[in-house]
Amino acid sequence: MMMEMTRPVLCVCFLVAAALLPRVGAAQNLSVVGIVRDTAGVPIASAEVTVMGRIVFSDSLGRFFVLHTLTDSIRMSVRRMGYESSSFTISADDAEKNTVDVVLRRLAATLAAVTVREMELRSTTGLRGYDERRQRGVGVFVTRQDIEKRDTRSLIDILRAQRGVIVSGRPRSLRFATYQRRNCTPEIWLDGQRTPGLELESVSANEVEGVELYQSVATTPPEFHRGGANVECGTVVIWTKRGKLEVKP
């Protein structure tokens, strides 16, 4: 069977077998069932799977299930932090009769990694600003040492333990207790870039070097007001081990 690919991945194939999850839906609905794994066959949890605009996340075994209105072809994309994204189109018949097996390639082998543990290199990345802001003491800071003490891959579980943080919903989202409105979600920045819509569930704590939490407009540093950022609900700034270049006001 053929699929149109817009980005190269190692493999996207179909497993002709019983579905990993129960298929449901009326005659006018289409069930899309699949699994996301890496090139070694290890399931990838919390991968973001988009089917014709509808977003779900893979479970701890890499499995996902989407119920969609029947159509001739299905446009899908799958992404996970630390892996090469995959986008492709499959026929409705293929999607209905088979389990979609998506294999994502790790990016670690192709990225020029920055050893952020060496202080002389921290000064050339965005972690320099992280260190400087932490010294000023405005905001709540989560360090790599804090993350390692929790011994979990879930960043959102680590953040929920910080003062003033509330985690709720599914997929889980973060907000600050300062704001009563449930839909008052903070701005998210990743390695110096504003990332609207980023789900914290998709971020692995293993890849994170530090996090900054600012619970109000007044405490959010000026460099995180740029790029159309709306910081009225606070700001979350995440720095990974790759440590991008220093952000500028």
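FYI, it's all coordinate maths here, none of it is from the lab. Keep in mind that what you see is a predicted model, and the values were worked out from it rather than measured.
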Quiz prompt | Built amide H within the under 5 Å cut-off of residue 63, gap 5+ | solution = 36
Quiz prompt | Stretch gain in nm, segment residue 94-residue 219, where the contour uses 0.36 nm per residue and the Cα spacing is subtracted | solution = 39.8 nm
Quiz item: Amide H of residue 234: which non-local residues (sequence gap of 5 or more, or other chain) have their own amide H closer than 5 Å, using H built in the peptide plane?
Solution: 187, 217
Exercise. Above 23 angstrom, tally the Cα pairs of region 119-240 and express them as a % of all pairs, no decimals.
Key: 24 percent
